[in-house]
Every structure is written in C-alpha cells, then in structure tokens.
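Enquirer: Have a look at this one.
Taken together, the values in this text are just the output of simple stated rules run on the coordinates, not laboratory data. This one's a predicted model, so the numbers in the text were calculated from it and none came from an experiment. Every residue, glycine as well, gets a Cβ built from its backbone with ideal geometry; the counts of neighbours run over all protein chains shown.
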Amino acid sequence: MEFALFCTKVNILILILALCSPCKFIQSPMDYGPSNLLETKSSASLDFGRIVFNSPSAVLRPQSPRDISLLLTFHSASSFSKVAVAARGAGHSIYGQAQAIDGIVIEMDSIPSDIYVHKKRDDESGVSYADVGGGVLWVELLEESLKLGLAPRSWTDYLYLSIGGTLSNGGISGQTFKYGPQISNVLQLDVVTVLGGLGQFGIITRARILLQDAPQKVKWIRAFYDDFDTFTGDQELLVSMPELVDYVEGFIVPNEQSLLSTSVAFPAHLGFMPDFHHVSSAKVYYCIEFAVHDFQAEGTSAEQVVEKISKQMSYMPSLVYSVEVSYFDFLNRVRMEEMNLRSRGLWEIPHPWLNMFVPKSGIKEFKDLLLENISPNDFEGPILIYPLLRDKWDANTSVALPDAPTGGDGVEQVVYIVGMLRSANPASCAAGCLDDILRRNRQIAEAASAGRIGGKQYLAHHPSLLHWRDHFGRHWNRFAARKNLFDPLGVLAPGQGIFPRVHASAL
Ligand code: FAD
C-alpha cells in the first residue's frame, strides 16, 4: 500500500517533469512505472461524438482521489503548469470536452468504485443518500441503491454516464420537472466548489446524492399528436401535476424511421407501431411519454392515476399505448437501444448532436426552425422535446438557462429542452456530409440564440470566447471570476474550449 503510494508520487512527479520539459522528450509515460498508474491510451482522444480527436501526452489512471490531488498540487505549485488537465468520466461528450491536447487526461473510472448507501431509519430526521466516487456510473449507483429499495430522484435518459461527468453539466431527464436536474440533487461534494461548471473549476472525486424510496414498477405511456400546440399544451399540463406524474418527456416524429429508433425499449410484444395515416394527414407527429410509479395511496393503483390524468389530455384517441415495466428496466431503457444499435454497427459512429434550452415563448418558432433544417428522409436519431420548470434549478450553479423574458410578470416558468440527437452513419454520410450537418447545427444554434427565440445551448459547444461570453450573458463575469479563483492558470478541461490558456509566466 505504502509502496504503491510512493510509486504514485514518484511517477506523477516524473510525468510532470517530463511533460513540462518540451513534450517531445517523453518516450512513453509507461517507461516510468506500473501501467495502472500511468499509461497512454487511444481512448483518451475519443468520445461518443467521434468528431474531435485530440491526443493527450499522457493518461493518469488514479487509484484514489489522493493521486488526483497530488497531481494537481504539484501542478499548480510549480512552473509545470503549462500542461492542461482534463478529467474523463465515461467519455460520452460530443465535441472533445473531456480531451486535453498534449496534456494529461485523468481517467476517473480507474478509481475503485466504492458506493456507500445510507438508508434513513423511520425514527431518523435526516434523508437517505449515497456517497459515490466521481468516476462511478449512474447505473452502478442505481444497482447498489436498489439493493436497499432506494434510488436517486433525478436521472439522465442513459445511465452509462459518470457521476462527475453529468454533475459538470446538469443531468436532465423526464424527472427534472419534478425534482430539478441532477445538480439540484447533490448534498455534498469532495474537491469541486461549483456545480454545473463544465469541469472548469475542479475535479469531482466524490458526491453525496439524495435518494428516495424506489418503486417496483412503472406505468409507461406514449400518446401521439398531430398538432404541436395540443402536444405542448398537454406536456405543460402534465408538469403542472407533480403529485400524480413522475416522468414527462416527448419527441418529434418526422418520419417512421425515427419512431423505430426511439421504440426499441418500448416492449415490442405490444406491436407498437402507430398507423398515423388512418387518422390524420399531418406530415409530422409528436409523442408524449409520461410515467407513473406504482407507489400510490392505499386503495389507488397506478392504472387509476393514469386514467385520471389521461381524461384531461387531448391526444389522438386511437394512438395511445401503455405498458408496465420494472423501475430498473424503465430507467435503463436507452441501454436496449444501445445494444440494438451496436449490433448493427451504428453506435460507434459520429454524433453531431445539438441540445438547446428554449423558453416557452420561443418553442414553436424553434420547432419550425428545426424542421426547416432537416430532411425527414435522411434524418437518423431522436428529436427529444419536453418542458422543465425554471424554479427547480439553483441559480447559483453555472448552468446557462435562457433569460426570463422581460415584461409581463417577468418570469417564464417553463423552459423546454430540445435534443436533436442525430447520428451520421459514414455509410450514407461521409466527411463532407458531417461537416454540412455541423455547419447547419451552428446556424440553428445561432438563429435560436439570437432574437425572439432566446435559446441557450445545453452541453454547449462554441467556436470562440465571444460566443461563450454571449452564452453566459449577464453571468459571464461570475463564471470568469470562478475560473480565476479555482483555476487561475486555466489548466482544467481545455476541451470545453472556453478559456484561452494562461501560462504561469504570464501571471
Ligand atoms: P465526459 O465526457 O467524460 O466529461 C464531460 C465533461 O465533464 C468534461 O469537460 C470533463 O472534463 C468533465 N468531467 C468528467 N468527469 C469529471 C469529474 N469527475 N470532475 C470534474 N469534471 C469532470 N445528458 C443529460 O443531461 N440527459 C440525458 O438524458 C443524456 N443522455 C445522454 C445519452 C447518451 C447516449 C450520451 C452519449 C450522452 C447523454 N447526455 C445526457 C449527455 C451527458 O450527460 C454528458 O455528455 C456528460 O458529460 C457525459 O458524462 P461522461 O461521464 O461521459 O462525461
């Protein structure tokens, strides 16, 4: 144990010395010690987007949070600080956000996963929670907490993302309207001082996540619309009933193919394939997904709650489907789609994604803008769209939500999240085509950020400091001050492309 720690220190020091003499002197970090401590790996220049591929000079695979603090302490207390450092969780960024060109990537998954779950006793006044390492995946936390009948309250659609990775961004899903994003459900953190900071302010080595009792089963409903206003009206109705509804999402159906790609997890035995043409001649359809947990007051079933809710909704009467699934399967539904796409060689391909927060006042115009810019016949992937409630977000985090419009009552409570989660299959969309999609995404993002729509990118990717200033708007000074306080050399998370590097000699 002692020996391992000693080796760690020595190797980190040698690594930094080596990196900070001109990088070309590094033969291979492997030359300096055991492979679990330092090694270069091609995965460090790869992410889910498969659009940006920046190689680091070295990879640190820490065995404990102490290895990370040693690295950062040596780093900031010396003139070695020209080397950028990025934490890498599950590497599911799109545009190289967890990469560090010629720097050090810290692979958080190497820290042995250790999850402690505390279940509140009936006679105790506190809460149930889990203490969990920053590199642990959300699915691992779910598996562990379910052993005690507990689960986190707020999720992402896909669970193979790391705790530190989503807490650096927000963490949004169909529960966000009710409990806020994942960053609103954290009780304590080790190391990091500011949440939602895009990895700019520190490395999250441990988080205390709020838990609640987990249901056994979930009633999962899909209802279809051919009219956008009716669709969003019903979504907003659902999020106004948090005492009945546990999950609300939705998606645009620009073609039948897109329906297939979002339906793998919706049990196939239902023969789930709406026949739109018999009921409507619309070109585009919309689908609301909502769910109700099987926890209900005595004498009431989830089925009855769904019935009560459905009576108030205005979907196309023949186009509603429901199914009961286990809570784990419900939360893990995107894994089934992943497996399906993997089996067809369609998972490890470029993903030119665009995610935007759009205020309610601009959502219809934004939907029109999106549909004008895609060709339904060659669009692959889901287009998610669902409402969130502004008051569930802590204004002290660094996430940039759209400004509330001025005039009227000054606060527009509903903000939509829209995810254009497009795949670019190289078989049908080669390099030029991918560039074209990326250019178009940028145009959509710029049109949506300016003027009447007033949107902001989520998981943002911007080409210049000026764009980032616009992104943070009136919060830019606060964001820059936090950076200056917690990372004055601009060493952390260079892949976000926000701050130009400041070298020690310039301070
Ligand atoms: P990485 O890509 O490894 O890192 C992302 C950023 O966080 C980098 O800047 C990195 O340096 C920083 N970082 C990573 N770990 C730490 C740490 N421990 N401390 C400090 N900084 C750190 N998002 C949602 O909100 N809702 C969804 O439903 C959703 N679904 C998704 C589905 C898929 C299939 C994919 C690919 C992504 C999805 N995302 C979703 C986006 C996802 O939340 C972000 O991309 C998130 O950053 C991924 O986590 P990661 O562990 O892969 O992070």
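Enquirer: Mind giving me the nanometre distance, one decimal, between the label points for residue 452 and residue 335, set 7 Å out from Cα along Cα→Cβ?
Expert: Taking the two extended label points, one gets 4.5 nm.
Enquirer: Which order do the peptides 358-371, 333-346 come out in when sorted by mean C-beta neighbours inside 10 angstrom, highest first?
Expert: Top to bottom by mean Cβ count within 10 Å: 358-371, 333-346.
Enquirer: Express in nm, to one decimal, how much length is gained between residue 143 and residue 310 on full extension, taking 0.36 nm for each residue of separation and deducting their alpha carbon distance.
Expert: 56.9 nm
Enquirer: Compute the distance in nm between two label points, each set 7 Å from the Cα along the Cα-to-Cβ direction, one at residue 303 and one at residue 283.
Expert: That separation, rounded to one decimal, is 4.2 nm.
Enquirer: Related question: Here are some pairs, 219/360; 308/364; 364/392; 219/308; which of them have Cα atoms lying more than 19 Å apart in this structure?
Expert: Violating the 19 Å Cα-Cα cut-off are 219/360; 308/364; 364/392.
Enquirer: Given 0.36 nm per residue, what is the gain on full extension from residue 229 to residue 477 after removing their alpha carbon distance, in nm?
Expert: Length gained between residue 229 and residue 477: 85.5 nm.
Enquirer: Give me the distance in nm between label points sitting 7 Å out from Cα along the Cα-to-Cβ direction at residue 127 and residue 395, one decimal.
Expert: 2.1
Enquirer: Further question on the same structure: Just rank 313, 108, fewest to most, by other beta-carbon atoms within 10 angstrom.
Expert: 313, 108
Enquirer: Follow-up. For a quick protection proxy, order the peptides 444-457, 474-487 by their average other-Cβ count within 10 Å, most packed first.
Expert: Highest to lowest by the protection proxy: 444-457, 474-487.
Enquirer: Cut-off is 10 Å between beta-carbons; in what order do 330, 290, 228 appear when sorted fewest neighbours first?
Expert: 228, 330, 290
Enquirer: What FRET efficiency comes out for residue 113 versus residue 425 if R0 is 30 angstrom and r is the Cβ-Cβ distance? Round to the nearest 0.05.
Expert: About 0.35, to the nearest 0.05.
Enquirer: When the Karplus curve 6.51 cos²θ - 1.76 cosθ + 1.60 is applied with θ = phi - 60°, which whole-Hz ³J(HN,Hα) does each residue of the range 319-329 get, with x for Gly and Pro?
Expert: 10, 9, 9, 9, 8, 10, 9, 5, 4, 4, 5
Enquirer: Next question. Counting pairs of alpha carbon atoms under 8 Å apart in space and at least six apart in sequence, what relative contact order in percent does the range 331-417 give?
Expert: Relative contact order comes out at 39 percent.
Enquirer: So, one more: Rg(Cα) of the range 87-149 divided by 2.2 N^0.38 Å?
Expert: Here the Cα radius of gyration is 1.49 times the empirical estimate.
Enquirer: Starting from the Kirkwood radius over alpha-carbon pairs of the range 377-494, derive D by Stokes-Einstein at 37 °C in a medium of 0.692 mPa s and give it in µm² s⁻¹.
Expert: This corresponds to a translational diffusion coefficient of 196 µm²/s.
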